[in-house]
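K.L.:
Just dropping this structure here.
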Amino acid sequence: MKKPYNWNSLINSLGDCNSPYAYIVAYYLSRFDRDGYQKLGFGNMTDTHEKIGSLLGISANTIKNFRDAFDTYHENRRRGWWQRELWRFEKEIYEGFKEYSEE
């Protein structure tokens, strides 16, 4: 896969982030919703959050909360964290990956 156009600023912004891979996975889960969960093949949402959390060394609830940050910006059935704007590194992730297809 080709790097996002904003790769350098995205990487620089992740200095503010303690779990960059978790945010990128959370973006994927938010954007591709049910299809994304199914393609990952870890089971239902809860099982997927637990498996990803285990792989990345963070809690399943953290994965869910990170996903919620992006939900407002994608057409899915969740409202997410509609009460706040994306943080700097979340914006970079969103901007960098929004043009990519799931393929």
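K.L.:
Could you work out which residue, out of Ser54, Ser19, Ser30, moves most in a Gaussian network model of the chain, that is, has the largest mean-square fluctuation with Cα springs under 10 Å?
P.N.:
Result for the chain, Cα springs under 10 Å: Ser54 fluctuates most.
K.L.:
Moving on to the next point. At a probe size of 1.4 Å, how large is the accessible area of Arg31, to the nearest 10 Å²?
P.N.:
60 Å²
K.L.:
Same structure, new question: Which distance in nm do the two modelled labels at Ser101 and Asp35 give, with both placed 7 Å along the Cα-to-Cβ direction?
P.N.:
So the label points at Ser101 and Asp35 sit 0.9 nm apart.
K.L.:
Which three semi-axes in whole Å describe the equivalent ellipsoid of the chain, each the square root of 5 times a Cα gyration tensor eigenvalue, listed largest first? Present the calculation step by step, with values, prior to reporting the outcome.
P.N.:
Values: eigenvalues 78, 45, 42 Å².
Semi-axes, largest first: 20, 15, 15 Å.
K.L.:
Through the Karplus equation 6.51 cos²θ - 1.76 cosθ + 1.60, θ set to phi - 60°, convert the phi angles of the stretch 66-71 into ³J(HN,Hα) values in whole Hz; use x for Gly and Pro.
P.N.:
Ordered by residue, 3J(HN,Hα) equals 4, 4, 4, 4, 8, 4 Hz.
K.L.:
A follow-up question, please. In square nanometres, what is one fourth of the surface area of the convex hull spanned by the alpha carbons of the stretch 29-87?
P.N.:
So the Cα hull casts an average projection of 4.0 nm².
K.L.:
Near Lys64, which lysines are there with a Cα under 22 Å away, not counting those fewer than 8 places off in the same chain?
P.N.:
Lys39, Lys51, Lys91, Lys98
K.L.:
So for Ile93, Ile24, what's the accessible-area order with a 1.4 Å probe, most first?
P.N.:
Largest to smallest exposure gives the sequence Ile24, Ile93.
K.L.:
Heavy atoms only, 1.4 Å probe, whole protein assembly: order Glu95, Glu103, Glu50 by accessible area, highest first.
P.N.:
Glu103, Glu50, Glu95
K.L.:
Moving to a separate point now. Please tell me the relative contact order of the stretch 3-103 in percent, rounded to the nearest whole number, where contacts are Cα pairs under 8 Å and at least six residues apart. Before the final figure, lay out the partial values.
P.N.:
Values: 107 pairs, mean separation 34.5, N = 101.
Over the stretch 3-103, the number comes to 34 percent.
K.L.:
Let me check something: with ligands and nucleic acids excluded, how do Asp47, Asp33 order by accessible area (1.4 Å probe), largest to smallest?
P.N.:
Asp47, Asp33
K.L.:
Enumerate the calculated ³J(HN,Hα) couplings along the stretch 43-54 in order (Karplus 6.51 cos²θ - 1.76 cosθ + 1.60, θ = phi - 60°), each rounded to whole Hz, writing x wherever the residue is Gly or Pro.
P.N.:
Computed from phi, the couplings for the stretch 43-54 are x, 6, 4, 4, 4, 5, 4, 5, 5, 5, x, 4 Hz.
The values are calculated or read from the model by the stated rules, or taken from the named source; none is laboratory data. Only a predicted model underlies this, so the values are computations on that prediction, with no experimental measurement involved. Ideal geometry is used to build each Cβ from the backbone, glycine not excepted, and the neighbour counts take in all protein chains shown. Remember, those area values only see protein heavy atoms, side chains included, never the ligands or the DNA or RNA. Shrake-Rupley method; radii C 1.70, N 1.55, O 1.52, S 1.80 Å.
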